[in-house]
Structures are given as structure tokens and as C-alpha cells.
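First the structure, in the form of C-alpha cells, and then the observations on it.
The values are calculated or read from the model by the stated rules, or taken from the named source; none is laboratory data. Note that the structure is predicted; figures quoted are calculated from it, not measured. Methodologically, a virtual Cβ is constructed for each residue, glycine included, from the backbone with ideal geometry; neighbour enumeration extends over all protein chains shown.
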Amino acid sequence: MQLFFSLPASPPQTFLATFTTFRHCPVRFLSTLILLFSLFLLLLVVVLLLLSIHQWRHSKDRRLPPGSMGWPYIGETLKIYTENPNSFFANRQKRYGDIFKTHILGCPCVMISSPEAARIVLVTQAHLFKPTYPPSKEKMIGPEALFFHQGAYHSRLKKLVQSSFLPSAIRGSVSEIEQIVLKFLPTWENTTINTLQEMKRYAFDVAMISALGHKQDSEIKGIKHLYQCLEKGYNSMPLDLPGTPFRKAMKARKLLNETLTRLIQGRRKNEQQGGGLLGVLLGSKNQKVDQLSDSQIADNVIGVIFAAHDTTASVLTWVLKYLHDNRDLLEAVTREQEGIQQEVIEANRRLTWDDTRHMPLTTRVIQETLRTASILSFTFREAVQDVEFEGYYIPKGWKVLPLFRSIHHCADFFPHPEKFDPSRFEVPPRPNTFMPFGNGVHSCPGSELAKLEMLVLLHHLTIGYRWQVMGDKDGIQYGPFPVPIRGLPVKVTPRKIKAA
Ligand code: HEM
């Protein structure tokens, strides 16, 4: 107490002196403190006022889309994981409209569910929105894969990849794909299969011949094994610790790179490019000077196999589910396929590319499955600069997500969207409303191959077999694509052909 009530010996000179002075004069100390505190409050009010004026002017000129950013940092991440993602999107679309903001996985995002706005992001203003992936995925697939790039490097690679999967390039693969189908089907007979796992094995084999060609190098078996290890860690937490699936996957990725590099160098040395995507990439020279490096080729081959098999397998799993649940449709598809089979037998030939162009109903079943299941619910882009967008402002660095599923399930474009009805594709959908393979510069180069392998499998499966879904629980699991629960276990039996 004595400390504050003594009188000052001399006027204050320095901070230390002031403090010493106050020690001896508590009344002056208190009044100065109050004065300083008032000044501080005044300053705070002025700063806050200036800030809110700035924000007000800023938001007047540059209006962010409506929506909630949720809690600080975690945003609405918990909601998107606890709610069904489809209702998450639908509820917000109902509340805020076709363009709304949210905050998930630590990122501010703008979600887009109108065909016109999605087209701006993916097609007309695609240069303002770059593709974006978590760094762990980029490391696993390989940083030089085309998915992660924009501009000249992307378009050079895209042309090469596209040329490997054009109808003219894949039409000769029908008999190889058919051979793979005919190898799998007898192994399913009278057993219960996990549809998703079997479809993955099938789509993987097709992806391998499409990427590496039909040439059987000694390395191919090893590549398959390493790929399976890589895949196991791909959707795990990116924890780079001993024993984690991520660490194991990264080890497999390194070995995969070494194996592919040996394969690439072997083919370069023997001047045998071989077929498939690898052959095209090996043969590529930019204006006859710039050869692709081994790692550019390896990353793109690995990337394409990745993009090709899980996607196609998930869609095929849904096709089997929908045909199982719609018996009349299954019989109609079978009749269509029997017609083709009749022509094949009469002409004493094998199934051809042209046959697959004459399967309209089966094709519509695939289209309706792509729409209903929408296995790629959305894609990720990132604004490369501040963007004025449909009357809103999207700040640089924000993620932008065109919501394919919401567009595919909008009753304005697809009446009774929850109904599985392939006949809706008897007339082409409105432009930009059906995007199972994306749109614009990064759209899928493998769409024709995916459809072809589905058609060839359905030809033999519907003619020769029937399948019964095991278990009575309907539901969806995400791994990472939405697929029927438990990967759709089905019992496959030979089809009993009714006597005429
Ligand atoms: C039914 C099966 C498939 C579906 C639903 C599908 C869907 C998609 C979608 C929506 C995109 C665009 C992603 C984006 O814009 O961010 C895409 C890109 C891609 N897909 Fe597919 N895909 C399928 C099969 C395939 C196959 C069989 C291949 C390989 C032959 C393939 C290779 C690729 C590649 C390389 C890209 C990246 C293109 C780029 O970034 O320019 N996909 N796919």
C-alpha cells in the first residue's frame, strides 16, 4: 500500500521516472491510466469504424456469394461429413440459390449448381480456375501427370492422351476387351462375388492393356502388384509414419516408378514403342525436339490407369444394381444383346466396334446410370485471381466446386430425377446439363473406352448370366466414389433360357 501513497520527489522524466513518480501519487496514476484507457478505446472505435466502412464499401463493390462459412477454421466440414453430402448440397441450394459459399476442409469454397455457371468455370473461363488436389494425392499419382497442370504442358499431354483413346484408336481393342470379359465371367459362375472388387479387377486389366499396350513385358505382373499397394494407401490419411498405409503406398509408388522407368528405357533402347498410351507418349516429340522425359511418361501412365479403373468399376457396379432392381429392363437389354449375338453367330465372326454402336437401349442404361449414380459428385477448381463471377466476387485462392450431381438431379432438366428411367435419353439432354465425364479442357479423355468396356461386359453378362443381390440392406458407401453398400455382393448363376 505504501508503494502508491507516497508523494513524488520530482516531475517525471522517463517511463521509469513516471512509474517511480506514480508510486508516490496514486490519484495521478489513476487519472492518467483512465486517460490512456479512454484514448485506447477511442482509437479502437476509430479503427473498427474504418474497418467496417472499408468492408462495407468492399462488399458493396464485391459481393461474396450467399451462404454460411460455419465455425472458424472447421467451417462446415463436420456437417458435410455427418449429413449425407447430397442433402448438404440440396439444402444449401434451396436456401441460397445456385451459387453459394461454404468452408470445408480448411478451405473457403464456392459451390455451383447451375449448368451455365459450371460452364463458365470449366469451359469459357477455365483459365481463371485451375484444377486443385491435395498435395498427398499429387505426390502419389506423380506431379507431372496432366491432371495437375494448365496451359501448354497440359494441352500437349491432353492431345496425346486423347489420341490414344479416340474411337479410331480403341476400335481395334474390342476383341482384347472381350477376351478379358470371357476370362472373368466363368470365375463368377455359381459363386457370390463382391461386384465392386470384381469390376475393379476387370477395369484394371482393360486399363493396363490400354495404357501399356498388348505387349507382354516381364515387368507387367510386378506393376499390377505395386499398383494394388499404392491404391490401398491412396484414400488413407496422409500420415507419413512407419507402418501407415500412406507410407507403404509411397514406397510402392517409388518402386512403381523404378519399374516403369526400366520398361520405358527398355522400349526406348530397343526402339520398340509398343502400343497403348505408353507407345504414343514414347513416340511423342514436340516439333521434333522435345521428347517427354521418363518421369513425365511414368507419371502420366500411372495417372491414367488410376483415373480409368475405379471410376469405370463403380459405374459398372451401379449398372448391375439398377438392372437387378428393374427386371423388365434387364429382359429388354438381354433381347437387344441377343439380337447382336445372332448377327455375330450368323456372320461367324467376333464382336466388333460396329456392334457396340448398335446397342441403343444398353447405351441408354449406361447413360442413365451415369446420371443417377453421378459417381463424381463434383470436381475441384481454385480461383487463380480475384474473379467477378455472375454478379459475385470470388477471391483468389478460393475453391470452386461445380456440383455435377446437383445438376444431374435437378427436376428442371431431368423430370422425376430419382426415377431410373433410361428412356429419358431417347432425346439428347439440354446442353451442359449432363456432365458425367466433366466438361471443357480437363474433361475425361477416357469416356469412349469406359463406355466400350461396359458394353462388352454387359453383352456377355446379360446373355449368359443372372445375378441376385445378397442381403436386404439398401444403402450407399463411399470409397471414395459412392457405390452400393458392401460393394454389392451378388450370386451369379447361368441364365436359364426359356423354351420358345
Ligand atoms: C465411367 C468412367 C469414368 C468417369 C465417370 C470419368 C469421369 C471423369 C471426369 C468427370 C473427369 C473430369 C475431372 C475434372 O474436370 O476435374 C475425368 C478426367 C479424366 N479422366 Fe475420366 N472418367 C472415367 C473413365 C476414365 C477412363 C477409362 C480413363 C482412361 C482411359 C480416364 C482418364 C481420365 C483422365 C486422364 C482425366 C484428366 C483429364 C485432364 O485433366 O485433362 N477416365 N474423368
Original post:
Got at least one residue in the stretch 90-103 being touching a residue at least 24 places away in the same chain (Cβ under 8 Å), aliphatic (A, V, I, L, M), in contact with a helix residue (DSSP H, G or I) (Cβ under 7 Å, 6 or more places away or on another chain) and within 16 Å of the ligand (Cβ to nearest atom)?
Top reply: no
**OP:** Could you list all residues from the stretch 237-286 that are among the aliphatic types (A, V, I, L, M) and touching a Leu at 6+ places or on another chain (Cβ under 6 Å)?
**Re:** A249, A252, L255, L256, L278, V280, L281
Original post:
Within the set of pairs 6 or more residues apart or between chains, which connect a residue that is at positive phi inside the stretch 415-443 to a residue that is within 16 Å of the ligand (Cβ to nearest atom) and not in a loop (DSSP other than H, G, I, E, B) with Cβ atoms less than 7 Å apart?
Top reply: N432/P115; N432/A118; N432/R119; G438/L122; G440/L122; G440/V123; G440/A126
Original post:
Among the residues of the stretch 176-184, is any β-branched (V, I, T) and either in a loop (DSSP other than H, G, I, E, B) or more than 13 Å from the ligand (Cβ to nearest atom) (or both)?
Top reply: yes
Subject >> Positions within the stretch 81-94 being under 14 Å from S406 (Cβ atoms) and within 20 Å of the chain's Cα centre (by Cα), in sequence order >> reply: N84, P85, N86, S87, F88, F89, A90
Original post:
Looking at the stretch 410-461, which of its residues are out of contact with any helix residue (DSSP H, G or I) (no Cβ under 9 Å at 6 or more places or on another chain) and charged (D, E, K, R)?
Top reply: D412
Subject >> Residues satisfying the stated conditions in the stretch 467-485, i.e. farther than 22 Å from R405 by Cα and in contact (Cβ under 8 Å) with a residue 60 or more places away in the chain >> reply: W467, Q468, V469, M470
Original post:
Counting only residues that are in contact with a strand residue (DSSP E or B) (Cβ under 6 Å, 6 or more places away or on another chain) and within 13 Å of the ligand (Cβ to nearest atom), how many does the stretch 443-482 have?
Top reply: 1
Original post:
In the stretch 483-499, which residues are within 18 Å of T369 (Cα to Cα) and either out of contact with any strand residue (DSSP E or B) (no Cβ under 8 Å at 6 or more places or on another chain) or in a strand (DSSP E or B) (or both)?
Top reply: V483, P484
**OP:** Select from the stretch 143-171 the residues that are away from the ligand (no atom under 12 Å from the Cβ) and not in a helix (DSSP H, G or I) and list them in ascending order.
**Re:** P143, E144
Subject >> Wholly within the stretch 336-409, strands (runs of 3 or more DSSP E) carrying at least 2 residues that are under 30 Å from P134 (Cβ atoms) and within 22 Å of the chain's Cα centre (by Cα) >> reply: 381-383, 399-402
Original post:
When you look at P242, is it surrounded by 15 or more Cβ atoms within 10 Å (Cβ to Cβ), on the phi < 0 side of the Ramachandran plot and away from the ligand (no atom under 16 Å from the Cβ), yes or no?
Top reply: no
Original post:
Taking the stretch 104-141, which residues are at pLDDT 95 or above, within 16 Å of the ligand (Cβ to nearest atom) and over 16 Å from F380 (Cα atoms)?
Top reply: T124
**OP:** Look through Y202, Y234 and report the one residue that is touching a Phe, Trp or Tyr at 6+ places or on another chain (Cβ under 7 Å) and either closer than 26 Å to D354 by Cα or within 16 Å of the ligand (Cβ to nearest atom) (or both).
**Re:** Y202
**OP:** Write out, first by first residue and then by second, each pair whose Cβ atoms fall under 9 Å of each other, whose residues are 6+ apart or on separate chains, and whose first residue, in the stretch 61-86, is among the aliphatic types (A, V, I, L, M) while the second is surrounded by fewer than 13 Cβ atoms within 10 Å (Cβ to Cβ) and in a strand (DSSP E or B).
**Re:** L78/W71
Subject >> Residue check for T317: hydroxyl-bearing (S, T, Y), in the same structural domain as Q468 (by TED's automatic domain parsing) and out of contact with any strand residue (DSSP E or B) (no Cβ under 8 Å at 6 or more places or on another chain) >> reply: no
Original post:
Could you count how many residues in the stretch 422-442 are part of a loop (DSSP other than H, G, I, E, B) and either within 16 Å of the ligand (Cβ to nearest atom) or buried (at least 17 other Cβ atoms within 10 Å of the Cβ) (or both)?
Top reply: 9
